[in-house]
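Below is one structure, written out as structure tokens; comments come after it.
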Amino acid sequence: MNTTVHIALSANAAFTIPLALCLRSIEQSAAPGTEYNFHILDSGVNRQLIMRGGFSNITWYNVADKMRDLPTCERFPSATYHRFLLPVLLPQEITRVIFLDCDTIVKRDLSDLYQTDLQGNTTAAVPWVVLGHYREEYGRHLRSFPARFGLPDDGTPYFYASLLVMDLAAMRRYGTTARVIETVRNTPREKLIWLDQDALNATLRGQITPLPLEYNVIPLFSEQLENESEEARAAYEHPAIVHFAAMKPNILTGPRNALEADFFRFWQQSPWKGCIPYPLISLSRMPAPVAALLNASFRLFLRWPGVLQAYGRLLDSLRTKRSKTP
């Protein structure tokens, strides 16, 4: 008997290739009998480029004009809010969906995740866990969350919004879309450090079912795991979903850990090996003609990663010298 799993993802033009690679990873990790239907919240992706993957089960939703009045920043464009629209955008007959950030690679069939017992809640997600020496840097935002939203500091978990198992039928009944958007609009911008994620946690506090850490393995935290919990070590050894949060795979550095090495191999074996897999953040701060010229130059050298990485080391050296100049 086949299992149909509905997956939703959201992307803008800059994340066309990550979206394509994520879709490919989902299909390649599917178990026999699992059929995926993809629902893409499109705010400017290159659909023709996506379809190099031969996907035949995509429904597109043009949301480029949605949520543009909500607060954004360079790291979090308006597309970050589009996940909240799923209960109202998807057809009524679809009563459950997995939302997944497109900066992820899926390593395991998702049918069991899709059938998660939500225990009476509308949503399931992975609790926020920061590992290794990044605990202090990122942990302070987590610790400040109750005070920022006037909530009791009672140990209620804070959850990532990158993976959500959503009971759409229940969310429609409870008006969850309107409630979360109202939280964003009624919260002063300085209190919304993680924007949509903060709003989700504030609105659904105490009503989110926890998922295992293996569904949100972050390569940035893959160092210094020897003192972490058994669950954390097992999750990083056998991840179900790898999430490139905070630090994206960069062609100018090459793989910085084993999980990134897996990503680069996957990308090189894909129909998009001639495309830069993740936009280079430094280029977004340059004048558009200069950025376009550099992007074109980098694409020419994708076959020779050593050249790109040598250039990246040169840039790092120049930055270091500039920072030391009195």
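The values are calculated or read from the model by the stated rules, or taken from the named source; none is laboratory data. In this text, all values refer to a predicted model and were calculated from it rather than measured experimentally. Reconstructed Cβ throughout: ideal geometry from the backbone, glycine too, with neighbour counts over all protein chains shown.
See the values below:
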{"quantity": "Matching residues, the stretch 96-123, being surrounded by fewer than 19 Cβ atoms within 10 Å (Cβ to Cβ), touching a residue at least 12 places away in the same chain (Cβ under 8 Å) and not in a loop (DSSP other than H, G, I, E, B)", "calculated": "Arg96, Ser111, Tyr114"}
{"quantity": "Residue that is farthest from the chain's Cα centre (by Cα), among those in the stretch 27-40 that are surrounded by 18 or more Cβ atoms within 10 Å (Cβ to Cβ) and among the hydroxyl-bearing types (Ser, Thr, Tyr)", "calculated": "Thr34"}
{"quantity": "Positions within the stretch 264-278 being touching a Leu at 6+ places or on another chain (Cβ under 8 Å) and either more than 21 Å from Gln48 (Cβ to Cβ) or in contact (Cβ under 8 Å) with a residue 40 or more places away in the chain (or both), in sequence order", "calculated": "Phe266, Trp267, Ser270, Trp272, Cys275, Ile276, Pro277"}
{"quantity": "Positions within the stretch 223-280 being under 17 Å from the mean Cα position of the chain (by Cα) and among the aliphatic types (A, V, I, L, M), in sequence order", "calculated": "Ala240, Ile241, Val242, Ala245, Ala246, Met247, Leu259, Leu280"}
{"quantity": "Only one of Arg75, Arg24, Arg52, Arg68 that is in a helix (DSSP H, G or I), surrounded by fewer than 22 Cβ atoms within 10 Å (Cβ to Cβ) and of a type in the set (Lys, Arg)", "calculated": "Arg52"}
{"quantity": "Every residue from the stretch 78-95 that is surrounded by fewer than 18 Cβ atoms within 10 Å (Cβ to Cβ) and over 17 Å from Asn37 (Cβ atoms)", "calculated": "Val88"}
{"quantity": "Criterion (touching a helix residue (DSSP H, G or I) at 6+ places or on another chain (Cβ under 9 Å), surrounded by 17 or more Cβ atoms within 10 Å (Cβ to Cβ), among the hydrophobic types (A, V, I, L, M, F, W, C) and touching a residue at least 60 places away in the same chain (Cβ under 8 Å)) met by exactly one of Leu225, Leu168", "calculated": "Leu168"}
{"quantity": "Unmet requirement for Tyr138, which otherwise passes all of (1) at pLDDT 95 or above; (2) among the aromatic types (Phe, Trp, Tyr); (3) surrounded by fewer than 21 Cβ atoms within 10 Å (Cβ to Cβ)", "calculated": "(1)"}
{"quantity": "Condition met for Leu192 (surrounded by 15 or more Cβ atoms within 10 Å (Cβ to Cβ) and farther than 27 Å from Pro77 by Cα)", "calculated": "no"}
{"quantity": "Counted residues, the stretch 68-91 - those being farther than 14 Å from Ala8 by Cβ and either touching a residue at least 40 places away in the same chain (Cβ under 8 Å) or among the acidic types (Asp, Glu) (or both)", "calculated": "8"}
{"quantity": "Residue count, the stretch 124-134 (criterion: within 16 Å of Asn216 (Cβ to Cβ) and either assigned to a helix (DSSP H, G or I) or of a type in the set (Lys, Arg) (or both))", "calculated": "2"}
